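Engineer: Sharing a structure here in structure tokens format.
The values are calculated or read from the model by the stated rules, or taken from the named source; none is laboratory data. Please read all numbers here as calculations on a predicted model, not as lab measurements. Virtual Cβ from ideal backbone geometry, glycine too; neighbours counted across all protein chains shown. What goes into the accessible areas is simple: the full protein's heavy atoms, side chains included, and nothing from ligands, DNA or RNA. Shrake-Rupley method; radii C 1.70, N 1.55, O 1.52, S 1.80 Å.
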Amino acid sequence: MASTLRNIHDHNVIGSEDTVYRYLCPVKKTGSIIGKGGEIAKQIRSETKSNMRINETLPGCEERVVTIYSTSDELNHFGEDGELVCPALDALFKVHDMVVADTNDNDDDDDEDLVGKQMVTVRMLVPSDQIGCVIGKGGQVIQKLRTETNAQIRVIKDNLPPCALTLSHDELLQIIGEPLVVREALYQVASLLHDNPSRFQHSLLSSPSTMYQPGGMLMCAPLTGSHRNYTARRDLADSTEFCVCFICPAENVGGVIGKGGGFINQIRQETGATIRVNTSETEEDDSIIFISSKEFYEDQSPTVNAAIRLQERCSEKVGKDTNDATISTRLLVSSSHIGCLIGKGGAVISEMRSVTRANIRILQKENVPKIAREDEEMVQITGSPDAAMKALTQVILRLRANAFDMNHGLVLLPTSFPYIPQATESSKRSKYAKRDGSRDQDYSKLSSNSKRRNYVS
């Protein structure tokens, strides 16, 4: 009984003897394993008694990492023969079968000969200290797998996807062939990985630090035509509007807009987000930069991409040394949403501060700028541009998960970044009061469709 409870509830720990698989799911197919509100993913977890995490979509990456793990204290019946396997292997094949079925559903070719020759590709991330069990001495094991299954099996060490982890020195395992061939090869590979756990397993729930290029820039790729077409095939009535609202110093607005509107129009075009600028009608020297888009959870977020790219232009520089500048980024967040950034007893905001090395504050209503609405509070992020960008990413991804009413046990937020020195506190005293992080309310039901102020482009 205890092991069952551990498998279901202990989402944040991978044991040294646990079985772990990291299956790469094409971004366009993640909807088939998540389901509306995460219902399909929850069902897989419940039926298999395994844990499953789905990484956030990284800009520029065409795949999402599905991390599946469990103990082997209890076994599941698997396949027609009812063979006993660990829960993680059972869940791995449920995920795989759903992805393949989604591929078949999208195949409009009725030619039976072509369907029979359909090729399937499986890609998995495997730590470097574990991949040897698949390769074998002199390549004997992988060659035997190729011969017995007739699948094309490769281990790729270069040109890894952005979602690969640096800490565990990931390598990419790729299997290509007809559906039944790939399924058999995947089973044999999964069995080998089950028998040979990695010593890096404790770090495999981290989201990749490689999403950050040197200099701390987040990789942001323009939406491709295929991505737009995929979204267009779904009912936009089922999409959710996700918004980010920056408070921008008035003197920065020109940089946000660019000459003749060139810069803001470029960001609009490349990300697909709606971006509006509202100049303050109060005596304060602040403006509002409002970023929004209608989104499906499994897709890359136009709002997130645009917000990351606009952050520095919307922020105030508070460091005296231009070579070691500190920036302050301010966001307005609805009071009904703010709890997801605080957590019970301030646990969430403390974790974000620790992970990003940025100073993150949530400010009292009476101390936010007058341009804010009565039901809005302000999040203030202070730190180096790199730390501030990481903190902003944490904040807006948590807000996005809540906007979609997602179960946080299914969503893996970035938690692993390259170490950077603690940001030095600015000598310039903030004019806003710091808020106590303690809260004990239910913030699980949040709406992102509340009416906001009027904006002008």
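Engineer: Could you check the spin-label model distance between ASN150 and LEU75? Points 7 Å from the Cα along Cα→Cβ, value in nm.
Structural biologist: 3.0
Engineer: Using the Cβ atoms and a cut-off under 13 Å, what net charge is assigned to the surroundings of LYS42, where Lys and Arg are +1 and Asp and Glu are -1?
Structural biologist: Result for the neighbourhood of LYS42: +2.
Engineer: What ratio of Cα Rg to 2.2 N^0.38 Å holds for the range 26-97?
Structural biologist: 1.16
Engineer: Also: Limiting things to C-alpha atoms, what are the Rg and the maximum Cα-Cα separation (Dmax) for the range 143-203, in angstroms?
Structural biologist: Over the range 143-203's Cα set, Rg and Dmax evaluate to 13.0, 34 Å.
Engineer: Turning to a different aspect of this structure: So how much accessible area does GLU241 have, in Å² to the nearest 10, using a 1.4 Å probe?
Structural biologist: 60
Engineer: What is the sum of charges around ILE327, taking Lys and Arg as +1, Asp and Glu as -1, for the other residues whose C-beta is under 9 Å from the C-beta of ILE327?
Structural biologist: Neighbour charge sum, excluding ILE327 itself: -1.
Engineer: Quote the FRET efficiency, to the nearest 0.05, computed for ASN367 versus LYS294 with a Förster distance R0 of 35 Å and r equal to the Cβ-Cβ distance.
Structural biologist: With R0 = 35 Å, the Cβ-Cβ based efficiency is 0.60.
Engineer: Related question: Which sequence of THR19, THR274, THR382 reflects their accessible areas, 1.4 Å probe, from the largest down?
Structural biologist: Accessible-area ranking of THR19, THR274, THR382, largest first: THR274, THR382, THR19.
Engineer: Just to make sure I understand: if all protein chains stay in place, what is the order of ARG268, ARG400 by accessible area at 1.4 Å, largest first? Numbers along the way, then the final one.
Structural biologist: On the way: ARG268 65, ARG400 5 Å².
Most to least solvent-accessible, the answer reads ARG268, ARG400.
Engineer: Roughly how big is the range 323-407's charge dipole about its Cα centre, with Cβ charges of +1 (Lys, Arg) and -1 (Asp, Glu), in debye to the nearest 20?
Structural biologist: 120
Engineer: Please calculate how many Å² of accessible area the range 254-387 carries per residue, with a 1.4 Å probe and no DNA, RNA or ligand atoms counted.
Structural biologist: With the other protein chains kept in place, the range 254-387 gives 41 Å² per residue.
Engineer: On to the next question. Could you list the trypsin sites (Lys or Arg not before Pro) in the range 131-170 that lie in coil according to DSSP, counting only those with at most 10 other Cβ atoms within 10 Å of their Cβ?
Structural biologist: Hits after loop and neighbour filter: nothing returned.
Engineer: Here is a follow-up. Which entries of LYS29/LYS49; LYS36/LYS94; LYS344/LYS370; LYS28/LYS157; LYS29/LYS94; LYS28/LYS49 have Cα-Cα distances beyond 20 Å here?
Structural biologist: Checking Cα-Cα distances, LYS29/LYS49; LYS344/LYS370; LYS28/LYS157; LYS28/LYS49 exceed 20 Å.
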